[in-house]
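What follows is one structure encoded as structure tokens, with my remarks underneath.
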Amino acid sequence: MNYDNLKKNPTNFLSLTSLKVEEFEKLLSVFYGVWVRYFRWHTLEGKKRKFPNARPEQDTKTLATVEDKLLFALVYLKNYPLQQFQAANFGLSQAKVSIWMKLLQPLLLESLKQLGVVPLREGHKLAQLLEEFGDDSYNQDVTERSIHRNSDQDVQESQYSNKKKDIP
């Protein structure tokens, strides 16, 4: 699996990365700079170099291009496959998948921060942002929220919807 082959099929690209090719390329423009800055001063193992890499944009042996590095990270994070499966898809060993993901995740997060597309984690910041836009039509994707449950057993039974039934 590589970027040049996958971008020819936009449907598969979207399914594997959650991004359209155009969105990927916009993210890539930022990710490229983050990668070059990192690789100039660090090795693939994350160790600090004594001297800067003169050609940080040069291809690496595994995941040769920056496009393939970003694709690798996005496919892994979207699908969360076993590392062995990811290794088979990209022609790597399982150990290399682990090394690459430890390296690429922080770089991807930095790229998303620079684009301003990292989810807000604090409610008051979200409220401020929504006020700035002034539009009342927003969608909320809620995956988890706490539900207050009364500690009194009788009250809990009266509030229970009976939607889930015990299977005999």
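Miscellaneous remarks
- Of residues in the stretch 127-148 being surrounded by fewer than 10 Cβ atoms within 10 Å (Cβ to Cβ) and at pLDDT 75 or above, the one nearest to GLY33 (Cα to Cα): GLU132
- Pairing each residue of the stretch 24-52 that is part of a helix (DSSP H, G or I) with any residue that is surrounded by fewer than 16 Cβ atoms within 10 Å (Cβ to Cβ) and hydrophobic (A, V, I, L, M, F, W, C), provided the two are 6+ apart or on different chains, yields C-beta distances under 7 Å for LEU27/LEU115; VAL30/LEU115.
- For the stretch 103-126, the tally of residues that are charged (D, E, K, R) and surrounded by 12 or more Cβ atoms within 10 Å (Cβ to Cβ) stands at 2.
- Restricting ASP68, ASP4 to residues that are among the acidic types (Asp, Glu), loosely packed, with under 15 Cβ neighbours inside 10 Å, touching a residue at least 24 places away in the same chain (Cβ under 8 Å) and part of a helix (DSSP H, G or I) narrows the list to ASP4.
- Taken across the stretch 155-167, residues that are surrounded by fewer than 11 Cβ atoms within 10 Å (Cβ to Cβ), at pLDDT 80 or above and not acidic (Asp, Glu) do not occur at all.
- In this structure, LEU92 qualifies as surrounded by 12 or more Cβ atoms within 10 Å (Cβ to Cβ), among the aliphatic types (A, V, I, L, M) and either more than 14 Å from the chain's Cα centre (by Cα) or closer than 20 Å to ASN12 by Cα (or both).
- So LEU16, is it touching a residue at least 24 places away in the same chain (Cβ under 8 Å) and over 19 Å from GLN105 (Cβ atoms): no
The values are calculated or read from the model by the stated rules, or taken from the named source; none is laboratory data. All values reported here derive from a predicted model rather than from experimental measurement. No Cβ is skipped: glycine too gets one built from the backbone with ideal geometry, and neighbour counts run over all protein chains shown.
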